[in-house]
Amino acid sequence: MESFLYRNGELFAEGVAVSELAERYGTPLYIYSRGHLRSQFQALQSAMAEVNPLICYAVKASSSAAIISTFAELGAGADVVSGGELYRARRAGVSANKIVFAGVGKTESEIEYALKEGILYFTVESEPELERISACAKKLGTVGRIAIRVNPDVDPKTHKYTSTGKKENKFGVNLERAFEAYELAARLPNLELTSLHMHLGSPIMTSDPYSEALAKVKELCLNLKARFPTFRHIDIGGGLGIAYRPTDNPFDLHAFAKAVIPPLKELGLTVSMEPGRFLVGNAGILVTRVQYVKENPFKKFVIVDAAMNDLIRPALYQAYHHIQPVRETTEPLLGDVVGPVCESGDFFAQDREIPAAKQGDLLAVMSAGAYAFAMASNYNSRPLLAEVMVSGTRHELIREREALEDLVRGERTPTW
C-alpha cells in the first residue's frame, strides 16, 4: 500500500495532508499509516498461507502501543528482547502464548517475569542461559519452553552491524555444537525443548540467505524431531527488507514464499517468523521544518529541526532515507540536510540532490517507521517527538511530545 502520495502538489498521509498534521501537532513529527501496517501484515500472511506461520511482530522496530495493538488485532504475536518490550506487548493486547523472547543477555528478573506471564518460548542464545532459565523455572515451579538459536553462518549481505547469522556474530549457538546444546537442555530440569530458531540479519532483499540457512539446519531439525517428542517448531526469524530509495524494488514476497515454503513443509514443523522492518518501515515518515539554509564556499546546508537523536540510522549505519518536500517541487538543490545537534554526524543526507528548500518549508524523511523513534534519545537534552497515526481521513496523537519538565523527571540532586 502506497500511503504517502502527492495530491495536487501536497504530500498526503492516506487521506490527510501532511502539512495539516504538522500545523496541528508541531514538528518534528512522526506520522504512521495504519493502512500500510495492515496491508503489509496481510500480504505476508497471504504469501505464507501454506505453512500458516505465527507472525510475531519484532517490537524493537517500533514499540508504540498503537502499532503493536494494530498487529495484535490481526492475530499477530510479538518478538521481544527485553522485559520492557514484553510489558509493552502484553499491555498492547498480545497474548502471552504468542510472545517469543530473544536476546543474548536475559536477566533473572526478565526470565522470571516471562515465565510468570506464560510466554510461548525463549530463544536461547547460549548454554549458560539454558542453565539460568532452568534454575528460574525450577524456583517458580513451572516449565520454560525453549528454542535454541542456531547460527548457520550465512552471510545476509547487509551492514556489518545488522548481520546476525555469521559465525563471528554474538548471537546464537554455532551449528556444530547445537545438538549438544539440545542434549544439555534435555538433562536440565524444568525445560521443554520445543523449537529451533534462526535469524540472519536485516535488511535482507533476497530469499537466497533463507534458502541457504534452511538447507544447513535441515538435518539438525530432523534429528531433533526424531530425538525429542516435544520438538515441533521452527522459527525462521525476520530481516525481510524494504525499498528505501525510489529506484529500489520492493521485497519479493512471492519469490520468498516459493523459496522457503517447500523446505518448511518437508520438515513438517509448525512455523513462526519475526518481521519488523518489513511491516513498519515504510508505514512511517519523519516530518521536519527547515530552520535555515546556510552556504559556505564548499556546499549548502539545509538545517532542519529534526536531528540525529530523533533518527540515528544515517549516522549509525550510513543509511539512506529518501527526502521529499511536503509541498511538491521539481527544483533541486545539491547539499546536506542536517540537524541542530552538536555533532558532525548529525545529518539525514550528505552531498545529495535534494528538493530545493527555504526557511519554513516542510520536508518528509521517508521510510522512518522502523528503527527510528524506537532508537531516539534525549541527546543534547532534546525532548522526544510526538507520534501520530492516520487511518483514512482520521488522525490521532499516539504519543505526546515531551515537555522540558519531562527531561528532568526522576532526577535528584544529592542532599549533600
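The values are calculated or read from the model by the stated rules, or taken from the named source; none is laboratory data. The structure displayed is predicted, hence computed values, not measured ones. Glycine also receives a Cβ, built like all others from the backbone with ideal geometry; neighbour counts cover every protein chain displayed.
Return a yes/no flag: does segment 250-260 have any residue that is touching a helix residue (DSSP H, G or I) at 6+ places or on another chain (Cβ under 7 Å) and either farther than 30 Å from GLU14 by Cβ or among the polar types (S, T, N, Q) (or both).
Yes, segment 250-260 has at least one match.
Return only the number of the condition from (1) within 23 Å of ILE236 (Cα to Cα); (2) surrounded by fewer than 18 Cβ atoms within 10 Å (Cβ to Cβ) that ASP79 does not satisfy.
It is condition (2) that ASP79 fails.
Taking the condition under 16 Å from the mean Cα position of the chain (by Cα) and assigned to a helix (DSSP H, G or I), does PHE251 pass?
So PHE251 does not fit the description; no.
Are any residues in segment 262-305 farther than 29 Å from SER3 by Cβ, of a type in the set (Lys, Arg) and touching a residue at least 12 places away in the same chain (Cβ under 8 Å), and if so, which ones?
Once the filter is applied, which keeps residues that are farther than 29 Å from SER3 by Cβ, of a type in the set (Lys, Arg) and touching a residue at least 12 places away in the same chain (Cβ under 8 Å), segment 262-305 yields LYS265, LYS299, LYS300.
I'm trying to understand the selection: among the residues of segment 239-255, which are in contact with a Phe, Trp or Tyr (Cβ under 7 Å, 6 or more places away or on another chain) and buried (at least 17 other Cβ atoms within 10 Å of the Cβ)?
Passing the criteria: LEU240, GLY241, ILE242, TYR244, PHE251.
Suppose we keep only residues that are within 21 Å of the chain's Cα centre (by Cα) and part of a loop (DSSP other than H, G, I, E, B) within segment 254-285. Which one would you say is nearest to SER33 (Cα to Cα)?
Of everything passing the filter in segment 254-285, GLY276 is nearest to SER33 (Cα to Cα).
Taking only segment 1-28 into account, find how many residues are crowded, with 17+ Cβ neighbours inside 10 Å and either in the same structural domain as GLU73 (by TED's automatic domain parsing) or in contact with a His (Cβ under 9 Å, 6 or more places away or on another chain) (or both).
7
Go through MET205, MET198 for me and flag whichever is under 24 Å from LEU316 (Cα atoms) and modelled with pLDDT of 90 or more.
MET205
Let me confirm something: among THR288, THR330, which residue is assigned to a loop (DSSP other than H, G, I, E, B) and not assigned by TED's automatic domain parsing to the domain that holds ILE55?
Exactly one residue qualifies, and that residue is THR330.
For the subset of segment 231-248 comprising residues that are assigned to a loop (DSSP other than H, G, I, E, B) and charged (D, E, K, R), which member is nearest to ALA102 (Cα to Cα)?
Selected residue: ARG232.
Can you tell me how many residues in segment 291-318 are closer than 29 Å to ALA376 by Cβ and assigned to a strand (DSSP E or B)?
Adding up the residues that qualify gives 9.
Going by what's in this entry, would ALA89 be described as touching a strand residue (DSSP E or B) at 6+ places or on another chain (Cβ under 9 Å) and assigned by TED's automatic domain parsing to the domain that holds THR393?
no
Just name the residue that is farthest from GLU343 (Cα to Cα) out of those in segment 263-316 that are in contact with a helix residue (DSSP H, G or I) (Cβ under 6 Å, 6 or more places away or on another chain) and among the hydrophobic types (A, V, I, L, M, F, W, C).
Ranking the candidates gives LEU267 first.
Taking segment 365-389 as the region of interest, how many residues are of a type outside the set (Phe, Trp, Tyr), under 20 Å from the mean Cα position of the chain (by Cα) and outside any loop (DSSP other than H, G, I, E, B)?
Within segment 365-389, residues that are of a type outside the set (Phe, Trp, Tyr), under 20 Å from the mean Cα position of the chain (by Cα) and outside any loop (DSSP other than H, G, I, E, B) number 7.
Which one is nearest to the chain's Cα centre (by Cα) among residues in segment 343-363 that are charged (D, E, K, R) and under 25 Å from GLU10 (Cα atoms)?
ARG352
Cβ-Cβ under 9 Å, sequence separation 6+ or interchain: first residue in segment 342-362 and not assigned by TED's automatic domain parsing to the domain that holds THR288, partner at pLDDT 95 or above and of a type outside the set (Ser, Thr, Tyr). Which pairs?
Cβ pairs passing all conditions: none.
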